[in-house]
Amino acid sequence: GTTDVSTWTPGGSGWQQLRTSFTTGPDTTSVTVHTHGWYGQSAYHVDDVSLAGPGGDPGEPDPDPQPPAAPGAPAVGATTSSSVTLNWNAVDGATGYTVYQDGTKALSVQGTSATVTGLAAATSYEFRVSAVNGAGESAKSAPVTATTDRTGDGGGPDTGLPRHALVGYLHASFANGSGYTRMADVPDTWDVINLAFGEPTSTTSGDIRFALCPPSECPNVETEEEFKQAIKAKQAAGKKVQISIGGQNGQVRLTTTAARDAFVRSVGAIIDEYGLDGLDIDFEGHSLSLDDGDTDFENPRSPVIVNLISALRTLKARYGEDFTLTMAPETFFVQLGHQYYGSGRWGGQDPRAGAYLPVIHALRDDLTLLHVQNYNSGPIMGLDGQYHTMGNADFHIAMTDMLLTGFPVAGDPGKVFPPLKPSQVAIGLPATSQAGGGHTSPAEVTKALDCLTKGTACGTYRTHGTWPDLRGLMTWSINWDRYGGWEFSRNFDGYFGP
């Protein structure tokens, strides 16, 4: 037989007549017409099908197909003040699934997860799922109840951030072409200030050290006491000051439990010395990778992954619920995991692909912010099956949609990375063209924010929701923004308000 593809454009909520054509081969006895939307869209509902053309001998009919079995009760994933994400196990013979909300059909999907949106805050809902195929629909699953968050609920812990926050890195330990900026000179528009960087004494030691930029390199550097007093002043004004570990030159591989314990001790010492609010993980390069055969992001077994998760949990438990935890991975370590995860089932892939996913997933209840670096990135495939290139609104929309919708890891519909809460997500951008590849103009940043928070100016990409509680923006860096006349932060203030 042959395959003929027809693209149908939806024309509103009413019924419309759609047509396609095909030519059968000499041995064709049956034809299947799929009426489904593009990736992530609901299936079409067909009221009547007419076939026009010459008849033929259909031969022996196939045995009557049977509807699939009912799915098990869905599990509740991420919730926000207006949405609930559900996950369930696949059913043999099912070609799709229907989600019911309080007894009413909410949406149809082809995969084994769905996010129901448009819900009221602080409200409980009952959900059931049925499986469907060409023979019909199964019985509904057992029910599960989910409660949406209160309006303005944060990510994991309630850490006192404003609804929309601006995050920036401060070059505190080194100088570069942007110049040194004193802590006291950082404008109040910055809500989270990440001190760049704490670095290890060696790649595998786990022993992290931080020191202010030496006067020989930064002539205008403040004294230790002035620096500490300026941190206290920022905190008194409601700002968060964190130590960021890693960076481009700070490779950290916790290959042993001894390195893990050294990491906890040394990072804790830095936090105590400067009275910091939290910790940012900016592991780049070869810091994180997955061992061969480590293919399940929900149950990692690679030592550098397991030890990092353990270390961060220990630090969070030590400092309590007000302790902030943020992460700044590159797209290679997060969104690329939609296509490739580690070295793959058969080996041969880059073992770093998607390697941040098990860390993010294990710590999602403690994670304050994830701000993926949407820069210095190659093209990344989005949920639309298309590749997106950095430096424009489309890239930021597609990459952020993946974090807020969830995505199959390595293309496996049975292994879906659940969405994060909007309040846990910020978009990472370079402040100027000198700061990194993929600089995005303020106009394009505004387009991306309009699409993600308001559902407007989305261009050709169709998001899977609208998220007015998206936390905000992160930039590399405060120093580069100052060098560029504060263009980045002024655009943030112009959009969200000072």
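Coordinate-derived values only; no laboratory data. Predicted, not measured: the structure shown is a model, and the values here were computed from it. All Cβ positions, glycine included, derive from the backbone under ideal geometry; neighbour counts span all protein chains shown.
Restricting the calculation to alpha carbons of the chain gives Rg and Dmax of 25.3, 91 angstrom.
Taking label points 7 Å from Cα along the Cα-to-Cβ direction, Ala184 and Lys232 give a separation of 1.3 nm.
Net charge dipole, the chain: roughly 740 debye, given to the nearest 20, about the Cα centre with Cβ charges of +1 for Lys and Arg and -1 for Asp and Glu. Computing FRET efficiency as 1/(1 + (r/R0)^6) for Asp493 and Ala90, where r is the C-beta to C-beta distance and R0 is 51 Å, gives about 0.60. Note on Glu225 and Ser30: the extension gain reaches 62.2 nm, defined as 0.36 nm multiplied by sequence separation minus the Cα-Cα distance. For Gln66 and Asp350, a Förster radius of 45 Å and the Cβ-Cβ distance give a FRET efficiency of 0.55, rounded to the nearest 0.05. One decimal place: the segment Thr389-Thr203 gains 63.8 nm when fully extended, by the rule 0.36 nm per residue minus the C-alpha distance.
Compute the distance in nm between two label points, each set 7 Å from the Cα along the Cα-to-Cβ direction, one at Thr257 and one at Asp272. So the label points at Thr257 and Asp272 sit 2.3 nm apart.
Segment Gln434..Asn299, full-extension length gain: 44.6 nm, with 0.36 nm per residue of separation and the alpha-carbon distance subtracted.
Cross-link partners for Lys415 among the aspartates and glutamates, with Cα-Cα distance under 16 Å and sequence neighbours closer than 8 places in the same chain left out: Asp294, Asp296, Glu298.
Over the range 214-357, the pair-distance histogram of Cα-Cα distances with 10 Å bins from zero comes to 11, 34, 31, 17, 6, 1 percent, rounded to whole numbers. The range 320-369 and the range 278-295 have their alpha-carbon centroids 7 Å apart.
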